[in-house]
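Data first, discussion second: the structure below is written as structure tokens.
The values are calculated or read from the model by the stated rules, or taken from the named source; none is laboratory data. Given the structure is predicted, the values throughout are model-derived calculations rather than measurements. Here the Cβ positions follow ideal geometry from the backbone for every residue, glycine too, while neighbour counts run over all protein chains shown.
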Amino acid sequence: MEILITTDPLDERVIAARVADPGAGAVVTFAGVVRNHFEGRAVVAVEYEAYRPMAENELREIAEEAGRRHGATGIAVHHRIGRLTVGEASVVIAVSAPHRAEAFAACREVIDRLKQTVPIWKREVFADGAEWR
């Protein structure tokens, strides 16, 4: 299990390698990236902030629960904070499991719960202003 909140760019291959396991028949990765639009407005950047101690604890709990529920052999969750531009990864989740269905299910559970409960906030920077979400 690896949880990281960082200002450094995220590399999906490096993060996927962190969960490699000889007993795993599947490694699933998910990357959430900054898109160039939101609700019809042009996005130029997204700024992320987090309350790190609480966010890391919550991410660890989510990953442990999803791992147990779906039989994952490894989970890594890396989230960036700071200012990101269009195309940059804001979050990468990698899950290894004996089979693909379990790996996909655990990965989806982690991202869905992360978006709901982890104290990480984003400010969408539009061409015509900015908003916290």
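Taken over segment 83-133, the criterion of being in a strand (DSSP E or B) and among the aromatic types (F, W, Y) is satisfied by W121, F126, W132. As for segment 75-91, it holds at least one residue that is in contact with a Gly (Cβ under 6 Å, 6 or more places away or on another chain), under 26 Å from F126 (Cα atoms) and at pLDDT 95 or above. The C-beta contact set for segment 58-71 (first residue in contact (Cβ under 8 Å) with a residue 60 or more places away in the chain and surrounded by fewer than 21 Cβ atoms within 10 Å (Cβ to Cβ), second residue among the hydrophobic types (A, V, I, L, M, F, W, C) and not in a helix (DSSP H, G or I), distance under 6 angstrom, 6+ apart or interchain) comprises E58/V118. Among the residues of segment 7-16, those that are among the hydrophobic types (A, V, I, L, M, F, W, C) and either more than 19 Å from T73 (Cα to Cα) or free of Cβ contacts under 8 Å to residues at least 40 places away in the same chain (or both) comprise L10, V14.
Restricted to segment 71-123, and to residues there that are within 14 Å of A55 (Cβ to Cβ) and among the hydroxyl-bearing types (S, T, Y), the residue that is nearest to the chain's Cα centre (by Cα) is S90. Within segment 47-64, the set of residues being part of a helix (DSSP H, G or I) and charged (D, E, K, R) comprises R52, E56, E58, R60, E61, E64.
Within segment 25-39, being in contact (Cβ under 8 Å) with a residue 40 or more places away in the chain and either part of a strand (DSSP E or B) or surrounded by 16 or more Cβ atoms within 10 Å (Cβ to Cβ) (or both) holds for A26, V27, V28, T29, F30, A31, G32, V33, V34, F38. Entry remark, segment 75-133: residues being among the polar types (S, T, N, Q), out of contact with any helix residue (DSSP H, G or I) (no Cβ under 8 Å at 6 or more places or on another chain) and either surrounded by fewer than 17 Cβ atoms within 10 Å (Cβ to Cβ) or on the phi > 0 side of the Ramachandran plot (or both) number 2 in total.
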